[in-house]
Amino acid sequence: MDLTDSAAESAFRTQVREWLGDHLTGDFAEVRGLGGPGREHEAFDARLAWDRHLADHGWTCLGWPTEFGGRGASIQEQVIFHEEYAQANAPVRLSHIGEELLGPTVIAFGTPQQQQRFLPPIVTVRELWCQGYSEPGAGSDLANVSTRAERDGGEWVVHGQKVWTSHAHFADWCFVLARTDPAETRHHGLSYLLVPMQQPGIEVRPITQLTGTSEFNEVFFDGARADAHHVVGEVGDGWRVAMGTLGFERGIGTVDQQVVFRRELQGITDLARANGALEDPVLRDKIVRAWTGLEIMRFNVLRTLTGVANGTAGSEASIAKLYWARFHRGLGELAMEVAGADGLLTDGPPYELDEHQRLFLFTRADTIYGGSDEIQRNIIAERVLGLPKEVRP
């Protein structure tokens, strides 16, 4: 990928930057920088209004084909938008699970009827989604899913439990990986169901994190129902569809993630300069290494997206999660090193964390959620490098 903007791309970047500058004003100025990992509780109503404001002006679902309500933007245009959005310190989107995960999955695997029903409310941010994958006994080992769904006339009846379900406490819908053929095991006999959240038979219990917030949840299904036509792909082919969703998860949305990481590193550098930690040559070296790591991350993502655009995607996407998770966890540790002894004290009772403490505590989860480091290494070893599979009982 040529990293230099063409004339048209430069004009698009200017358009995005100016629009954000013009519209992140008034009431919307108050939501700058809000939301994100460990902070999803912040200003929900105002951020939802901002998401819908973006939709009203054609800034949602940029990469979707125009026939599905998207903008049909190129990969490079999407990169530009995400970079400018993050650099403007715009609020973290509430609708990204629907826009970046479920929507592309329905476009790729769904029926025309499913596309007509579910895509427009994602474009207009009228329905929010959560992801029902992980379970207490099937976190990173997703093939061990035990949540089951049984056919009852024109509906599926769902029983089981999901865990670490982000946004379940405010989502309208959940895409659930469930076992629909009890005779099958592992990757076989799974189906990808679209389940409405606001119904009897679903209980959502927030999980309090180290940061004191609750963006993850346990979700209990006890006779919850889904329409028989709301299976994406074929019944029993849920593993293939679920893997397709995970592929979208490693896509364009990671671009603005790096800009956020860069802003966090700048905050750490500013703190080091203010408290004298920058005079320590070891800490100064670690800050430089963190900056270098961010540059490597950016180039790897751009290389991955180039492969996606050219149809030559290789192993780069497989290492992305492993790389950024370990980098970000290390960034949290660096924040505490720079803060020194002051990092051991909260700002006030009972548990008021500053930005560096929150970064340190939340990033302890980065190497666990979304597929633990151990599972990521197995995937790279077995599926990318073709090494012998790990012995399993």
Quiz item: Just wondering, is there one or more residues in region 268-280 that are open to solvent by 50 Å² or more (accessible area, probe 1.4 Å) and under 26 Å from the mean Cα position of the chain (by Cα)?
Solution: no
Exercise. Test each condition in (1) open to solvent by 30 Å² or more (accessible area, probe 1.4 Å); (2) in contact with an Asp or Glu (Cβ under 9 Å, 6 or more places away or on another chain); (3) within 30 Å of residue 351 (Cβ to Cβ); (4) β-branched (Val, Ile, Thr) for residue 235 and report the one that comes out false.
Key: (3)
Self-check item: Contacts under 9 angstrom Cβ, first residue in region 127-138 being crowded, with 22+ Cβ neighbours inside 10 Å and at pLDDT 95 or above, partner of a type in the set (S, T, N, Q) and not in a loop (DSSP other than H, G, I, E, B), 6 or more apart
Solution: 130/217; 131/245
Quiz prompt | Enumeration of residues in region 226-244 that are under 23 Å from the mean Cα position of the chain (by Cα) and within 9 Å of residue 109 (Cβ to Cβ) | solution = 232, 233, 240, 241, 244
Quiz item: Of all helices (runs of 4 or more DSSP H) completely enclosed by region 51-124, which ones contain at least 2 residues that are under 27 Å from residue 31 (Cβ atoms) and either hydroxyl-bearing (Ser, Thr, Tyr) or at pLDDT below 95 (or both)?
Solution: 75-87
Self-check item: Residue list for region 353-370, restricted to those being over 18 Å from residue 267 (Cα atoms), open to solvent by 60 Å² or more (accessible area, probe 1.4 Å) and not β-branched (Val, Ile, Thr)
Solution: 364, 369
Self-check item: Qualifying residues in region 169-213 (those that are in contact with a His (Cβ under 7 Å, 6 or more places away or on another chain) and in contact (Cβ under 8 Å) with a residue 60 or more places away in the chain) - the one least open to solvent (accessible area, probe 1.4 Å)
Solution: 194
Self-check item: Number of the condition not met by residue 15 [criteria: (1) free of Cβ contacts under 8 Å to residues at least 40 places away in the same chain; (2) buried (at least 17 other Cβ atoms within 10 Å of the Cβ)]
Solution: (2)
Exercise. Scan region 65-86 residue by residue and report those that are in contact with an Asp or Glu (Cβ under 9 Å, 6 or more places away or on another chain) and open to solvent by 40 Å² or more (accessible area, probe 1.4 Å).
Key: 71, 74, 77
Quiz item: Of the residues in region 34-64, how many are open to solvent by 20 Å² or more (accessible area, probe 1.4 Å) and under 18 Å from the mean Cα position of the chain (by Cα)?
Solution: 8
Quiz item: Which residue, of 166, 146, is under 21 Å from residue 236 (Cβ atoms), in a loop (DSSP other than H, G, I, E, B) and open to solvent by 20 Å² or more (accessible area, probe 1.4 Å)?
Solution: 146
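The values are calculated or read from the model by the stated rules, or taken from the named source; none is laboratory data. What you see is a predicted model; the values in this text were computed from it and never measured. As a convention, Cβ positions derive from the backbone with ideal geometry for all residues, glycine included, and neighbour counts pool all protein chains shown. For the accessible areas, the whole protein counts, side chains as well, though only heavy atoms, and no ligand, DNA or RNA atoms are used. Shrake-Rupley method; radii C 1.70, N 1.55, O 1.52, S 1.80 Å.
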